[in-house]
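To start, the structure itself, in structure tokens.
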């Protein structure tokens, strides 16, 4: 007697409108409950309350919020065919004066620009520009030596942003802006105003700026004009260098020259306006994300003496003979790189990512109609003990597969650079920048303290990228410590 096989129908998909979620206001939905600077914290709180799939209403639109890392990875990999950057991001960016760059564009325009930018960020190109990055590291060390000699505190995030602006301008555009050795940091001051304003406008319930301008809106207009003028200058200078030295087309000296050469290829479909959009993207993304991750990493290391000691020992072994930083030295910083990855797991600067469905689809077990915005929470599962052991602890060794921990597991859950075709093209450069700073800091200085003025845990502030608030650092020169000043290890540091 045989039994006919049976097939079970797949479970029915849940509908977005039937998902749980916070109660909102009439017409405005949940927008009045959202404070932009704390939006990532509120979404995380709601995920704990309503589950890993829930809905919020932004005005008259239902938005799906997803905290399941497998579903998040699926959404990220389903780009650009299934999901795109939101129409609202693109519209407000253009309204503010952004040129068409890789960060915000979609479809065929994205595919053309992606080829150009990936060619520019190829590791071989980045490595060729490394002397410029090492020079920025030396300038940062010089700046910090002066402050340490004065016994003063360092505004950690501001100095790291100077470094990242100098690094991206030198590596990417062949321009030595040198904010590290000057108080004339005009471009940095302008850059600092752009992404926070873009973010607050995206989540604003009412587009008030269409009817009247606040002082911050007028400052934004000035900032956009100044940065666009600077970008035009970078491009004009690069074009002149290519005209003066045609051999540079075969071997571009920086990322901007490489982009222009790629754009000039027959059929590229790229013009100088689109190159300008990508220059702007590099300036903004390269400044905020890398500087914020470094600030969080230094703070976390200071709070964990064993990790700090191991990172310092690794750095000192690598730089035993001193001299300038080299690529070979960076390649040996396995534990330092693990500290950086662990920082990005605990303090991802892109704490959530809104994308918009291009077609009817499903995310997990939820039906998602075309046009729906899906907000992916990037930190929920990566700090959950159900997915990683001791998940909320700073344990860099998990990235090295030590102590019975699985490096593969954490890599599948933590996705600070995204995933799929639209994974961050600058991730290799960002890691090189961060390792350069950590090598410089740990080999040339002793950290006395890192913290806020009131010794509290630094607040997380969402300003498009998630930043620590109020971190200040005090350094001691090794020579000063040898002269009889109490060593940092015997001092009480700010926790």
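In the range 57-64, is there at least one residue being at pLDDT 95 or above, farther than 27 Å from residue 412 by Cα and either assigned to a helix (DSSP H, G or I) or touching a helix residue (DSSP H, G or I) at 6+ places or on another chain (Cβ under 9 Å) (or both)?
Scanning the range 57-64, I find at least one residue that is at pLDDT 95 or above, farther than 27 Å from residue 412 by Cα and either assigned to a helix (DSSP H, G or I) or touching a helix residue (DSSP H, G or I) at 6+ places or on another chain (Cβ under 9 Å) (or both), so the answer is yes.
Could you list, in sequence order, all residues of the range 209-221 that are part of a helix (DSSP H, G or I) and loosely packed, with under 12 Cβ neighbours inside 10 Å?
Filtering the range 209-221 down to residues part of a helix (DSSP H, G or I) leaves 209-210, 215-221.
Passing the criteria: 210, 215, 218.
If a residue has to be closer than 10 Å to residue 31 by Cβ and crowded, with 21+ Cβ neighbours inside 10 Å to count, how many in the range 51-68 make the cut?
1
Can you confirm whether the range 457-469 contains a residue that is out of contact with any strand residue (DSSP E or B) (no Cβ under 6 Å at 6 or more places or on another chain), part of a helix (DSSP H, G or I), within 30 Å of residue 172 (Cβ to Cβ) and at pLDDT below 95?
No, the conditions are met nowhere in the range 457-469.
Output the residues belonging to the range 139-164 that are more than 20 Å from the chain's Cα centre (by Cα) and either buried (at least 20 other Cβ atoms within 10 Å of the Cβ) or in a helix (DSSP H, G or I) (or both). Explain how you work it out, then say what you get.
Start the filter on the range 139-164 by keeping residues that are more than 20 Å from the chain's Cα centre (by Cα), which leaves 139-154.
Within the range 139-164, 139, 140, 141, 142, 143, 144, 145, 146, 147, 148, 149 meet the criteria.
In the list 167, 232, 237, which residue meets the criterion of being over 19 Å from the mean Cα position of the chain (by Cα), in contact (Cβ under 8 Å) with a residue 60 or more places away in the chain, more than 27 Å from residue 354 (Cα to Cα) and assigned to a helix (DSSP H, G or I)? Show your work before the answer.
On the way: 167 fails: over 19 Å from the mean Cα position of the chain (by Cα); 232 fails: in contact (Cβ under 8 Å) with a residue 60 or more places away in the chain.
237 is the lone residue from the list that is over 19 Å from the mean Cα position of the chain (by Cα), in contact (Cβ under 8 Å) with a residue 60 or more places away in the chain, more than 27 Å from residue 354 (Cα to Cα) and assigned to a helix (DSSP H, G or I).
From 180, 133, 156, which residue is modelled with pLDDT of 75 or more, touching a strand residue (DSSP E or B) at 6+ places or on another chain (Cβ under 6 Å) and under 28 Å from residue 446 (Cα atoms)? Before you say what the answer is, go through the steps one by one.
Numbers: 180 fails: touching a strand residue (DSSP E or B) at 6+ places or on another chain (Cβ under 6 Å); 133 fails: touching a strand residue (DSSP E or B) at 6+ places or on another chain (Cβ under 6 Å).
Just a single option satisfies the conditions, and that option is 156.
Which of (1) modelled with pLDDT of 85 or more; (2) over 30 Å from residue 87 (Cα atoms) is the odd one out, the single condition residue 254 does not satisfy?
Among (1) modelled with pLDDT of 85 or more; (2) over 30 Å from residue 87 (Cα atoms), residue 254 violates only (1).
Looking only at the range 393-416, filter to residues that are over 15 Å from residue 307 (Cβ atoms) and without any contact (Cβ under 8 Å) to a residue 60 or more places away in the chain; which one of those is nearest to the chain's Cα centre (by Cα)?
Restricting to residues being over 15 Å from residue 307 (Cβ atoms) and without any contact (Cβ under 8 Å) to a residue 60 or more places away in the chain, the top hit is 411.
Check whether at least one residue in the range 81-88 is at positive phi, out of contact with any strand residue (DSSP E or B) (no Cβ under 9 Å at 6 or more places or on another chain) and part of a loop (DSSP other than H, G, I, E, B), and report yes or no. Steps first, answer last, please.
Let us first name the residues in the range 81-88 that are at positive phi, namely none.
Scanning the range 81-88, I find no residue that is at positive phi, out of contact with any strand residue (DSSP E or B) (no Cβ under 9 Å at 6 or more places or on another chain) and part of a loop (DSSP other than H, G, I, E, B), so the answer is no.
If we keep just the residues of the range 187-208 that are more than 22 Å from the chain's Cα centre (by Cα) and surrounded by 14 or more Cβ atoms within 10 Å (Cβ to Cβ), which is farthest from residue 288 (Cα to Cα)?
205
Hey, residue 229 hits all of (1) at pLDDT 90 or above; (2) closer than 18 Å to residue 172 by Cβ; (3) surrounded by fewer than 17 Cβ atoms within 10 Å (Cβ to Cβ) but one; which does it fall short on?
Only one criterion in (1) at pLDDT 90 or above; (2) closer than 18 Å to residue 172 by Cβ; (3) surrounded by fewer than 17 Cβ atoms within 10 Å (Cβ to Cβ) is unmet by residue 229, namely (1).
Right, residue 287: within 18 Å of residue 400 (Cα to Cα) and within 21 Å of the chain's Cα centre (by Cα) or not?
no
Which numbered condition trips up residue 203, out of (1) touching a strand residue (DSSP E or B) at 6+ places or on another chain (Cβ under 8 Å); (2) at pLDDT below 85?
(2)
Considering only the range 271-388, give the helices (runs of 4 or more DSSP H) lying wholly within it that have at least 3 residues that are modelled with pLDDT of 95 or more and crowded, with 23+ Cβ neighbours inside 10 Å.
Qualifying helices (runs of 4 or more DSSP H): 272-303, 334-346.
Can you confirm whether residue 68 is within 17 Å of residue 419 (Cα to Cα) and at pLDDT 95 or above?
yes
Please find, among 22, 36, the residue that is at pLDDT below 95 and under 30 Å from residue 347 (Cβ atoms).
Result of the check over 22, 36: 36.
Residues of the range 398-426 being in a helix (DSSP H, G or I) and crowded, with 18+ Cβ neighbours inside 10 Å, which ones? Walk me through how you get there before you give the answer.
Restricting attention to the range 398-426, the residues satisfying the condition of being in a helix (DSSP H, G or I) are 398-400, 407-413, 420-422.
Scanning the range 398-426 gives 398, 399, 410, 413, 422.
If you scan the range 431-456, which residues turn out to be touching a helix residue (DSSP H, G or I) at 6+ places or on another chain (Cβ under 8 Å) and either closer than 22 Å to residue 377 by Cα or not in a helix (DSSP H, G or I) (or both)?
Within the range 431-456, 445, 446, 447, 448, 449, 450, 451 qualify.
The values are calculated or read from the model by the stated rules, or taken from the named source; none is laboratory data. If you're wondering where the values come from, they're calculated on a predicted model, not measured in any experiment. Neighbour counts run over all protein chains shown; Cβ positions are idealised from the backbone, glycine included.
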